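Below you'll find the structure, written out as structure tokens, and then a few comments.
Bear in mind that the values in this text are calculations on the coordinates, not laboratory data. Because the structure is a prediction, the values reported are computed rather than measured. Cβ placement follows ideal geometry from the backbone for every residue including glycine, while neighbour counts extend to all protein chains displayed.
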Amino acid sequence: MAAVIETKNLAVAFGEGDARNVVFHRLNVSVEEGEFVTLVGVSGAGKSTLLRVIADLIPSLEGSIEVNAVRVPSRRPIAMVFQADSLMPWRTISQNITLGLEGIDVADADMQQRVDHTLDLVGLSDFGNRWPYQLSGGERQRIGIARALAVEPDILLMDEPFGSLDAITRTGLQDELLRIWRETKKSILFVTHDIEEAVYLGDRVLLLGGTPAEIVREYRVDIPRNQRREGEAFLRKIEEVKAGLHEAIAVTANNANDG
Ligand SMILES: Nc1ncnc2c1ncn2[C@@H]1O[C@H](COP(=O)(O)OP(=O)(O)OP(=O)(O)O)[C@@H](O)[C@H]1O
Ligand SMILES: [Mg+2]
């Protein structure tokens, strides 16, 4: 399988002088075509930073990022879904979905068709004329996903998209996302700090840790998804990732003490 995202020895830092914070020094991450990869790590590890640098929202210092074997910066077939509700309150749901299309040359008829199609995909066909305030938090997150899908990306970057939702809405949306992933064959890099969610969704779980951060562990999840909500193997995998995360925290703390 071909990698759709591949970073090589990526370095990212913020600030200058004493305030300099090297988030990544030599980070290597890859996502295969059609793969669902989840990324976990403690708060501040650099998860959002990694998504932003892949989406070219922030620059890298060194190393390379290839998306579909094209070196960025260039037009990348990528769309991002954010955790915070990022709908614009003065735009209808349809107008929110077409937001990402305004920079691209898309004909009006095609635009309407994409709105209808993506609303359908997220199960909110009748919502186009509503306003964001008329939607629940879970519905707004689904619109965030529809908006990302409307640009017809090959790759979806998702930054804790379900973080603020209650457990039942969240599990419902996880299943919906898996269905959309199967139907649309996207490649997904999904950030979460919920290990159960990471193991439930991912073909592979990457654990980001250390300072500067690296992928300190990688777990392949070979359990069929219909056996993942419960069962021995699923729970064991969750425990395994949790243990890895605790180890990574300990290592990070030691490094901080040494430095
Ligand atoms: N624009 C910025 N300017 C300066 N420092 C930043 C900036 N963005 C992030 N950082 C720093 O980079 C580090 C990584 O931040 P990042 O947001 O990637 O963490 P995260 O893993 O997404 O954490 P969380 O789980 O809390 O969302 C943190 O130390 C943060 O303070
Ligand atoms: Mg973050």
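Estimate the FRET efficiency between residue 18 and residue 105 by the formula 1/(1 + (r/R0)^6), using the beta-carbon distance for r and 51 Å for R0, to the nearest 0.05.
Taking R0 as 51 Å, the efficiency between residue 18 and residue 105 is 0.65.
With a 10 Å cut-off between alpha carbons and a GNM built on the chain, which of 108, 159, 194 moves the most?
108
Have a look at 168, 155, 195 and tell me which one the Gaussian network model of the chain (Cα, springs below 10 Å) gives the largest fluctuation.
In this elastic network of the chain, the residue with the biggest mean-square fluctuation among 168, 155, 195 is 168.
Compute the relative contact order of the chain as a whole-number percentage, counting only Cα pairs closer than 8 Å that sit 6 or more residues apart in sequence.
25 percent.
Taking a cut-off of 16 Å between Cα atoms, list the aspartates and glutamates near residue 47, but don't count ones fewer than 8 places away on the same chain.
List returned: 6, 56, 159, 160, 194, 197, 214, 218.
For the chain, what is the calculated [θ] at 222 nm in deg cm²/dmol (nearest 500), taking -39500 (n - 2.57) for each run of four or more DSSP H residues and dividing by its residue count?
That comes out to -11500 deg cm²/dmol.
May I ask you to work out the translational diffusion coefficient for the chain at 10 °C, viscosity 1.306 mPa s, via Stokes-Einstein with Rh from the Kirkwood sum over Cα pairs, reported in whole µm²/s?
83
Between residue 120 and residue 62, what is the FRET efficiency for a Förster distance of 45 Å, r being their Cβ-Cβ separation, to the nearest 0.05?
After rounding, the FRET efficiency stands at 0.55.
When DSSP beta bridges are limited to those with both residues in the chain, what percentage is antiparallel, rounded to the nearest 5?
55
Counting only other residues whose beta carbon sits under 13 Å from that of residue 89, what net charge do I get with K and R as +1, D and E as -1?
It works out to a net charge of +2.
Mean-square fluctuation check for the chain, GNM, Cα pairs under 10 Å: which of 223, 93, 188 is largest?
Sorting by GNM fluctuation, first place goes to 223.
What shape does the stretch 197-259 have by the C-alpha gyration tensor, where a ≥ b ≥ c are the square roots of the eigenvalues, rounded means a/c under 1.5, and otherwise prolate means a/b greater than b/c and oblate the rest?
Note, shape of the stretch 197-259 comes out prolate.
Between residue 168 and residue 33, what length in nm is gained on full extension when 0.36 nm per residue of separation is reduced by their alpha carbon distance?
45.6 nm
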